[in-house]
Amino acid sequence: MARIAGVNIPTNKRVEVALTYIHGIGPSMAREITEKVGIARERRVQDLSDAEVIQIRETIDADYMVEGDLRRDVSMNIKRLMDLGCYRGLRHRKHLPVRGQRTHTNARTRKGPAKPIAGKKK
């Protein structure tokens, strides 16, 4: 089992698909990494040599922000908005949608399960 950026990637999948298991790497970035390293698209992780795995790991460490660093950066950006007290920061603080979605109906993912209001029928 190959371990890249602190994540055990699955061995029986193609390299491009397996790299997407790392937080911060999507399909297009995985394709870009495999092209940089020079690995064929149809190769599987179990077929990679140790040198190729090390090469992928070094490429990711040098050129991309992934996993812990990315999570920390995103959380610091959100904390900065909240400390500023700007509109987006206030929306984050209240656990409401940040990007202009309606909240009269829907928005249940962000707001959590509906809370019943006593005495309200209609």
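The values are calculated or read from the model by the stated rules, or taken from the named source; none is laboratory data. Note that this is a predicted model, so its numbers are computed, not measured. Glycine also receives a Cβ, built like all others from the backbone with ideal geometry; neighbour counts cover every protein chain displayed. Accessible surface areas use protein heavy atoms only, side chains included; no ligands, DNA or RNA. Shrake-Rupley method; radii C 1.70, N 1.55, O 1.52, S 1.80 Å.
Got at least one residue in the range 83-92 being of a type in the set (D, E) and either under 19 Å from V7 (Cα atoms) or modelled with pLDDT under 95 (or both)?
For the range 83-92, residues of a type in the set (D, E) and either under 19 Å from V7 (Cα atoms) or modelled with pLDDT under 95 (or both): absent.
Test A5 against the stated conditions and say whether it is aliphatic (A, V, I, L, M) and closer than 17 Å to G68 by Cβ.
Criteria met by A5.
Collect the residues in the range 1-20 that are without any contact (Cβ under 8 Å) to a residue 24 or more places away in the chain and closer than 18 Å to I54 by Cβ, keeping them in residue-number order.
Hits for the range 1-20 are M1, R3, N8.
Pairs under 9 Å by beta carbon, first residue closer than 15 Å to I54 by Cα and among the hydroxyl-bearing types (S, T, Y) in the range 29-42, partner open to solvent by less than 10 Å² (accessible area, probe 1.4 Å) and modelled with pLDDT under 95, six or more apart or different chains?
As it stands, the answer is T34/V15; T34/L19; T34/I56, since those pairs meet every condition given.
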